[in-house]
Amino acid sequence: MKSDFIAVDLGATSGRVAIGRFDGKAITLEIAHRFNHEVISDGPVRRWDWDHIYSEIVVGITEAKKRCEPISIAFDSWAVDFGFLDSEGQLIKPVISYRDSRTDQTFSPTVDLIGRERIYERTGIQFLPFNTLYQLVAAKDSAEYREAKSFLLLPDLLNYLFTGVRSTEITNASTTQLLNTSSRNWDEELIVEAGLRRDLFTELHEPGAVIGEIQGHGVLDGLKVVATASHDTASAVAGTPLVDPHSEVYISSGTWSLVGVETRAAITSKRALAANLTNELGAFNTVRLLKNVTGMWLLEECRRAWHADGRTFTIPELLAMAQDQPLFLTTIDPNDPLFLAPGKMPDRIRSWCLARKLQPPTTPAEFTLCILNSLALAYKETIDKIMEISGKRISAIHILGGGSQIRLLNQLTANVCGVPVKAGPIEATLYGNIAVQVIAAGLLPDMATARVAIAQSFSGEIFLPARR
């Protein structure tokens, strides 16, 4: 007999609602609904089209519920972005995107005010200008901030909109750079030193907690909402079939590549700070020691620029061209701030190369190969640093998420890093989301057994390092 669960996974360009069926040994997934969404302009501010996102989620859950009898539902999404709620519990304005430029003016002054070492020692979080801390500081002079009674990160905002319960899940809270990694609570001192309102911060909850039941949504009412590891990377890591977490690396590959290992305690040493590593909390008292590396964002932005010029390519077409491309050796630093903002990516890559007297790519095939080689090298550099600081030794790399389908990148990574690369699961985030619900329902005892079930739920390819 199968037990059904619903997972809502919200990504920065698309979302999906899935049904997970657990038969006691493995999890099968069925996608009930997919949708795309984009950033919209509100004057100079870049916001998410939240009404569209929310309505599509409702459509997806309604469709999923027609196809199954779910025990529970859980939401996950990207980190750092949030919505302000007013005294009536209404979302004041659509959520501002982390790619908005408002934190350009608040990032450095806030770090200088509080102190880089102090922030890192307490939170263990990588310094990125769009972290929630700097977004909140940037919002302090806005009407939204003055009117707000609370703020909620996106999965918690969805929990609230469906159940009426205001609470913040801890894996996502850890990404804000406002959670104390030792106490696993909001850092009261940092909140005060940043000049933020403590009353905006809600109570915290852990993955597996029961949030409540859906209310005010007709046929959906009564469905139990359970907290998963609501940061999508936390769910993805939970959904990775690590055999030996002490020696296996994960790379969650998509718009961003999140490269890391699973640990039991945060590492907030000066060496970790110098490497700009992040210690995000994971499901069931784990820590994800990782670093953000720019991912397929680079190629997607190149595609967007070429399309605007009248040249349209699919990702598979570009990969096929790169596979056949004669050796092109120029690589870039994919983490250079020059590549963070959208727009004119081929021109930016060309300028970066020329400024360093390197041969720039000229064709779409060369751009693709340049990006993939650069990502593989960035993975190795990041992994080497994480291994050095954590004292671990690498035995294998798991590449998960949509990027795990890019066989050329998988092989390049195996070649450069010198260890086997295990591809998949593609749907690691959904597997992790469902696995936490399965554990919360008492059908599995812990993540170790859940990972065994996940390993039996998909078939993945292994890429061995090429002999030199």
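The values are calculated or read from the model by the stated rules, or taken from the named source; none is laboratory data. Everything quoted here is computed from the prediction, not taken from an experiment. Every residue, glycine as well, gets a Cβ built from its backbone with ideal geometry; the counts of neighbours run over all protein chains shown.
Values for this structure:
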{"read-out": "Count - residues of region 66-92 that are of a type in the set (D, E, K, R), under 23 Å from Glu169 (Cβ atoms) and surrounded by fewer than 21 Cβ atoms within 10 Å (Cβ to Cβ)", "value": "1"}
{"read-out": "Any hit, region 341-361, residues being in contact (Cβ under 8 Å) with a residue 12 or more places away in the chain, of a type in the set (Gly, Ala, Ser), out of contact with any helix residue (DSSP H, G or I) (no Cβ under 6 Å at 6 or more places or on another chain) and outside any helix (DSSP H, G or I)", "value": "yes"}
{"read-out": "When residues of region 161-180 are limited to those that are among the hydroxyl-bearing types (Ser, Thr, Tyr) and buried (at least 23 other Cβ atoms within 10 Å of the Cβ), the one farthest from Ala266 (Cα to Cα)", "value": "Thr168"}
{"read-out": "Checklist (1) touching a helix residue (DSSP H, G or I) at 6+ places or on another chain (Cβ under 7 Å); (2) under 15 Å from Ser390 (Cα atoms) applied to Thr240, failing item", "value": "(2)"}
{"read-out": "Any hit, region 155-164, residues being within 17 Å of Leu190 (Cα to Cα) and more than 17 Å from the chain's Cα centre (by Cα)", "value": "no"}
{"read-out": "Residue match in region 305-316 (condition: surrounded by fewer than 19 Cβ atoms within 10 Å (Cβ to Cβ) and part of a strand (DSSP E or B))", "value": "no"}
{"read-out": "Subset tally (residues that are touching a residue at least 24 places away in the same chain (Cβ under 8 Å) and either part of a strand (DSSP E or B) or surrounded by fewer than 17 Cβ atoms within 10 Å (Cβ to Cβ) (or both)) for region 420-442", "value": "5"}
{"read-out": "From Ile389, Ile394, residue being in a loop (DSSP other than H, G, I, E, B), under 24 Å from Ile251 (Cα atoms) and β-branched (Val, Ile, Thr)", "value": "Ile394"}
{"read-out": "Strands (runs of 3 or more DSSP E) wholly inside region 212-304 containing at least 2 residues that are closer than 30 Å to Ile332 by Cα and modelled with pLDDT under 95", "value": "248-253, 256-263, 287-294"}
{"read-out": "Near pairs, Cβ below 6 angstrom, 6+ apart or cross-chain, from region 376-391 (assigned by TED's automatic domain parsing to the domain that holds Thr413 and buried (at least 17 other Cβ atoms within 10 Å of the Cβ)) to any residue that is of a type in the set (Lys, Arg) and not in a helix (DSSP H, G or I)", "value": "Thr382/Lys291"}
{"read-out": "Sole residue being in contact with a helix residue (DSSP H, G or I) (Cβ under 8 Å, 6 or more places away or on another chain) and surrounded by fewer than 15 Cβ atoms within 10 Å (Cβ to Cβ), chosen from Glu193, Glu189, Glu203", "value": "Glu189"}
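Matching residues to (1) buried (at least 21 other Cβ atoms within 10 Å of the Cβ); (2) outside any loop (DSSP other than H, G, I, E, B); (3) over 23 Å from the mean Cα position of the chain (by Cα):
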site: Ser55; (1), (2), (3): no, yes, no
site: Gly60; (1), (2), (3): yes, yes, no
site: Glu63; (1), (2), (3): no, yes, yes
site: Thr110; (1), (2), (3): yes, yes, yes
site: Glu117; (1), (2), (3): no, yes, yes
